[in-house]
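K.L.:
Below are the structure tokens for one structure; questions will follow.
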Number of protein chains: 2
Amino acid sequence: MNTIQTCYSPALFHLFAEDQAIVVVVDVLRATSGICTAIHHGVEKMIPVAGLEEARRYKQMGYLVAAERNAIKQEGFDFGNSPFHYIDEDLSGKTIAISTTNGTQAVEAARSAQTVLIGSFLNISALAAWIAEQERNVIVLCAGWKNKFNLEDSLFAGGLAEKLLATGKFSTMCDSTIAAGYLFKMAENDLYGFLENSSHRKRLKDLHLENDIQYCLTMDTMTTIPILRGDGLVRLVKEEVSAG
Amino acid sequence: MNTIQTCYSPALFHLFAEDQAIVVVVDVLRATSGICTAIHHGVEKMIPVAGLEEARRYKQMGYLVAAERNAIKQEGFDFGNSPFHYIDEDLSGKTIAISTTNGTQAVEAARSAQTVLIGSFLNISALAAWIAEQERNVIVLCAGWKNKFNLEDSLFAGGLAEKLLATGKFSTMCDSTIAAGYLFKMAENDLYGFLENSSHRKRLKDLHLENDIQYCLTMDTMTTIPILRGDGLVRLVKEEVSAG
């Protein structure tokens with residue numbers, strides 16, 4: 001039996017870290033949904049950078065750079081944090097540096113892990129299927145909001161955990177995972193409605209980003225799984241997927 | 001409108017701290033249930049101390065001292081962490097120093113707040129009633145388990161939040177509070193059953209502490225509210241309660 005744990009805040013990840021575990025980083029609204037979308041639509045590599053200054057250095061080096069803070073695209077960069085930016089044939093084969101309020105900080109916190117995957121509702125079943133073949137422990141790292149718990153990332157953690165537990169290959173004694181599972185079961189038939197009152201949905205609604213939210217809360221629109229290799233997130237290739 | 005926030009880990013409390021807020025510290029199984037019980041049954045003061053070495057100094061000074069780690073009473077001290085220790089007429093008027101795995105660390109984290117109250121299911125409605133009269137923001141600080149989220153403290157946070165929201169005097173934009181409220185509504189008719197799978201209930205069950213758990217999960221058995229004054233937790237006196 002392998003175990004599942006859920007960490008609700010990048011600031012607490014040191015309490016969870018296990019060398020051998022697979023870490024799934026999630027920032028549903030919107031960073032990891034965007035990364036999944038970019039890699040799925042042909043972007044070669046996404047380089048997560050924590051700080052805006054580092055993002056500016058990438059810009060100066062000639063990279064395409066996405067930079068968002070508090071849900072708003074930062075001036076002088078190519079993209080903000082909308083997944084729709086990346087549905088663009090011209091980006092095929094490109095490398096893009098990305099810095100966001102929470103998601104890229106979470107990748108940074110997880111960097112020491114042997115395997116770091118990027119999760120979102122878009123690829124949740126594909127993720128569960130691949131992970132279930134690995135015979136390794138799993139830690140879901142929720143990006144949250146500025147190191148605080150958020151609902152949408154926890155719902156994803158609960159959903160992934162439910163799918164893994166259903167395989168019979170995993171167990172959990174982790175209260176965060178149990179709580180997230182309960183929340184997911186309440187919400188799964190209407191994620192959008194369930195998140196009506198959540199803080200970040202309100203934040204994005206005020207910015208007229210309802211389309212982004214609908215897109216990010218739609219399950220299983222792709223089977224692409226981004227994985228951290230060296231400095232960047234790339235596609236976990238089909239051979240790896242089928243090889244398990 | 002005053003606000004309600006919930007902090008799931010003492011290690012994240014710095015993200016929440018507001019000078020003027022009332023902080024409710026909770027460690028349902030079992031530290032804050034024990035503190036409520038002690039003060040209710042006539043103990044004059046409970047001095048929370050974070051470390052065992054400090055606890056030993058109190059012992060050397062002649063104090064009665066409770067000391068628990070990982071649910072087990074530590075050798076050389078008078079009490080462990082069972083609330084039943086404190087249902088004892090001989091303790092009336094006494095001062096007891098107490099050091100536990102999580103609860104006293106949480107009080108330590110909250111110490112800078114202007115008002116620190118001790119919560120448990122035993123006094124949840126009395127707490128809600130008093131707080132509702134104060135016209136101040138509230139932060140529930142869950143002691144958790146070694147800085148990780150736990151279910152029972154979150155359920156308490158959800159229950160207190162539901163009671164406060166029902167007064168119409170409070171609102172919340174805090175996702176941890178919203179999630180805790182959903183969990184409480186699922187669990188409130190059978191807290192004991194709901195926690196069947198929780199990590200700490202299993203831990204205590206293995207130590208044959210089922211009676212303690214039943215006791216700690218019974219709502220509204222007292223109206224006593226412990227409050228931090230200087231170095232110790234004492235009874236919030238009736239005049240303060242009725243004066244609001």
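Just so it is clear, none of the values below were taken in a lab; they were calculated from the coordinates. Nothing here was measured: the structure is a model prediction, and the numbers come from that model. All Cβ positions, glycine included, derive from the backbone under ideal geometry; neighbour counts span all protein chains shown.
K.L.:
If I model a spin label as a point 7 Å beyond the Cα along the Cα-Cβ vector, how far apart are those points for B:Glu18 and A:Arg229 in nm?
P.N.:
4.8 nm
K.L.:
Please compute the contact order of chain B in relative form: average sequence separation of alpha-carbon pairs under 8 Å and at least six residues apart, divided by the residue count, as a percent.
P.N.:
32 percent
K.L.:
With a Förster radius of 56 Å, plug the Cβ-Cβ distance of B:Lys73 and A:Asn197 into 1/(1 + (r/R0)^6) and report the FRET value to the nearest 0.05.
P.N.:
FRET efficiency, B:Lys73 to A:Asn197: 0.80.
K.L.:
If we count every other residue with Cβ under 11 angstrom of B:Gly80's Cβ, Lys/Arg +1 and Asp/Glu -1, where does the sum land?
P.N.:
So the surrounding residues net to -1.
K.L.:
Return, ordered by residue number, the residues of the stretch A:68-88 whose backbone nitrogen is under 13 Å from a label point located 7 Å along Cα→Cβ of A:Lys146.
P.N.:
Under cut-off, by backbone N: A:69-71.
K.L.:
Which of B:Ile47, B:Asn137, B:Thr224 sits farthest toward the positive end of the charge dipole of the stretch B:2-235, with +1 on the Cβ of Lys and Arg and -1 on the Cβ of Asp and Glu?
P.N.:
Value: B:Ile47.
K.L.:
Here's something else I'd like to know. Would you compute, for the Cα atoms of the stretch A:1-75, the largest minus smallest coordinate along each principal axis and list the three values in descending order, in whole Å?
P.N.:
Ordered largest first, the stretch A:1-75 gives principal extents of 46, 28, 23 Å.
K.L.:
Hey, got the dipole for chain B? About the Cα centre, +1 on K and R Cβ, -1 on D and E Cβ, debye to the nearest 20?
P.N.:
340 debye
K.L.:
Starting from the Cα of B:Thr221, step 7 Å along the direction of its Cβ; do the same at A:Leu52; then give the gap between the two resulting points in nm.
P.N.:
For the pair B:Thr221/A:Leu52, the computed spacing is 5.4 nm.
K.L.:
To continue, here is another question. Which lysines have a Cα lying under 28 Å from the Cα of A:Lys169, excluding residues fewer than 8 positions away in the same chain?
P.N.:
A:Lys185, A:Lys238, B:Lys146, B:Lys148, B:Lys202, B:Lys205
K.L.:
Only counting other Cβ atoms within 10 Å, I'd like A:Val65, B:Val237 sorted with the fewest neighbours first.
P.N.:
Result, fewest neighbours first: B:Val237, A:Val65.
K.L.:
Same structure again: Using only the alpha carbons of the protein assembly as shown, what is the convex hull's orientation-averaged projected area in square nanometres?
P.N.:
Projected over every direction and averaged, the Cα hull of the protein assembly as shown covers 23.6 nm².
K.L.:
Something else about it: Give the dimensionless ratio obtained when the Cα radius of gyration of the stretch B:99-244 is divided by 2.2 N^0.38 Å.
P.N.:
This ratio for the stretch B:99-244 stands at 1.04.
K.L.:
Hey, another quick one. Helix-derived [θ] at 222 nm for the protein assembly as shown: sum -39500 (n - 2.57) over DSSP H runs of at least 4, divide by residue count, nearest 500?
P.N.:
That calculation yields -10500 deg cm²/dmol at 222 nm.
K.L.:
Here is a further query. What's the angle, to the nearest 10 degrees (0 to 90), between helix A:31-40's Cα axis and the longest principal axis of chain A?
P.N.:
The angle comes out near 80 degrees.
K.L.:
Let me ask something else. Pick from B:Ile72, B:Ile47, B:Ile124: which is most flexible by mean-square fluctuation in a GNM of chain B where alpha carbon atoms under 10 Å apart are linked?
P.N.:
The residue that fluctuates most here is B:Ile72.
K.L.:
While we're here: Quick one: net charge around B:Asp153, please, counting Lys, Arg +1 and Asp, Glu -1 for every other residue with C-beta under 13 Å from its C-beta.
P.N.:
Net of charged neighbours comes to +1.
K.L.:
Mind listing the Cα extents of the stretch B:133-174 along all three principal axes, in Å, largest one first?
P.N.:
33, 19, 16
K.L.:
Still on this model: What's the whole-number percent of alpha carbon pairs in the stretch A:96-165 lying beyond 18 angstrom?
P.N.:
Everything past 18 Å amounts to 41 percent.
K.L.:
Can you give me the relative contact order of the stretch A:130-244 as a percent, contacts being Cα pairs under 8 Å and 6 or more apart?
P.N.:
Over the stretch A:130-244, the number comes to 22 percent.
K.L.:
Rounding to the nearest 20 debye, state how big the charge dipole of the stretch A:166-244 is about its Cα centre with +1 on each Lys and Arg Cβ and -1 on each Asp and Glu Cβ.
P.N.:
So the magnitude is around 100 debye.
K.L.:
Also, I was wondering about something else. As an exercise, identify the GluC sites (Glu not before Pro) in the stretch B:169-244 lying in DSSP coil whose Cβ has no more than 16 other Cβ atoms within 10 Å.
P.N.:
Qualifying residues, ordered by number: B:Glu188.
K.L.:
Determine how many Å³ per residue the convex hull of the Cα atoms of chain A encloses.
P.N.:
Enclosed volume per residue, from the Cα hull, is 113 Å³.
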